[in-house]
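Worksheet: the structure to be examined is printed underneath.
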């Protein structure tokens, strides 16, 4: 019988690789959610944005924190996921469905609903085959929420989901869950569950990846927005790839960092990484004091707005957040100034270049 590591590798390639002979994508993105003035999800705007990313991004987490998942109702999540799956099919990419819910019961319900929907839509009874047909790579979950949860409770919650046997990515997000999966618990789960495919860490402390360093065979992706080049394995880091909010605006540059490292051009990769560090840090600082939304969504919506409209960005109404509030014009102006100073302001926004100016 194949080992857990061999079973995991087979599952990863079945669910994630574009073709059996293709490498697993090293750059993933949790896309922002675009809204119309009426508060509905703007499908055309989403499509235009995704088209700028798919040449560089290998897959999407929908919805993630950057997509305002924690603020959405179940009905809104279902609508967004349906739109994302249609886009994934049209653009030939894949989706990790974010089941970012605070309790294990809610996670089970979200996963069951998504599997049933895939089976009904495709007419395929086998869950894995139905998910593949719908361009679903798997499900992303966090530890159950609660500062009072010990490692025994966290492990039990994760086991309950992994026992389903479905392809799963675990997301270390202590900023929201108020707890952290320990390296010991991760190692134990990885040794027992071949369907634990990916592990994303946005904690900033990187405790699990620094201990594991790929030994488990789980595909490790970093979500913290700093020091990009230094964290990949070619530079001595523990990660195979990134799942980054800033791929919303800097997909090409982040993929270039990876490509430079793959080519052994470490100095060039580091220089580009530092340039992105400065821009991203300044953009996040520009929205840090906003009372609405979260920093990941706010910063990336501001960056995308500038990328979409170019030098005309400050003349266009700022993007909407979940709940109908627009980003302040001051934030758009600040981010535009940052991008212009870094030489990243496009001569023409991608909406106008694609004939979709607003």
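Every number in this text was worked out from the coordinates using simple rules, so none of it is lab data. Because the structure is predicted, anything quoted here is derived from the model rather than measured. Backbone-built Cβ (ideal geometry, glycine too); neighbour counts: all protein chains shown.
Pairwise Cα separations in segment 1-128 fall into 10 Å bins from 0 onward with the following percentages, short to long: 11, 38, 37, 11, 2, 0. If a/c stays under 1.5 just call it rounded; otherwise compare a/b with b/c (prolate if a/b is bigger, oblate if not). Do that for segment 208-289, with a ≥ b ≥ c from the square roots of the Cα gyration tensor eigenvalues. Here segment 208-289 falls in the oblate category. Principal axis extents of the C-alpha atoms in segment 4-264 (largest first, rounded to whole Å): 45, 44, 35.
Is the shape of segment 140-294 rounded, prolate or oblate, going by the alpha carbon gyration tensor and its root eigenvalues a ≥ b ≥ c, with a/c under 1.5 for rounded and a/b larger than b/c for prolate? Walk me through the intermediate numbers first.
Details: a/c = 2.35, a/b = 1.40, b/c = 1.69.
Verdict is oblate for segment 140-294.
Volume per residue for segment 55-168 equals 106 cubic angstrom (convex hull of Cα atoms). Take 268-278, 37-47, 331-341 and order them by the average number of nearby Cβ atoms within 10 Å per residue, most first; the result is 331-341, 268-278, 37-47. For segment 220-259 and segment 304-341, write down the distance between their C-alpha centroids in whole Å. Using only Cα atoms, the two centres lie 25 Å from each other. In whole angstrom, how far apart do the alpha carbon centroids of segment 10-74 and segment 144-196 sit? Cα centroid to Cα centroid, the span is 23 Å. Out of every Cα-Cα pair that segment 202-357 contains, those further apart than 29 angstrom amount to 24 percent.
Per DSSP helix of 4 or more residues, -39500 (n - 2.57); summed, then divided by the residues of the chain. What does that give at 222 nm, rounded to the nearest 500? The partial results should precede the final answer.
Details: 14 runs with 169 residues, N = 358.
The per-residue figure over the chain is -14500 deg cm²/dmol.
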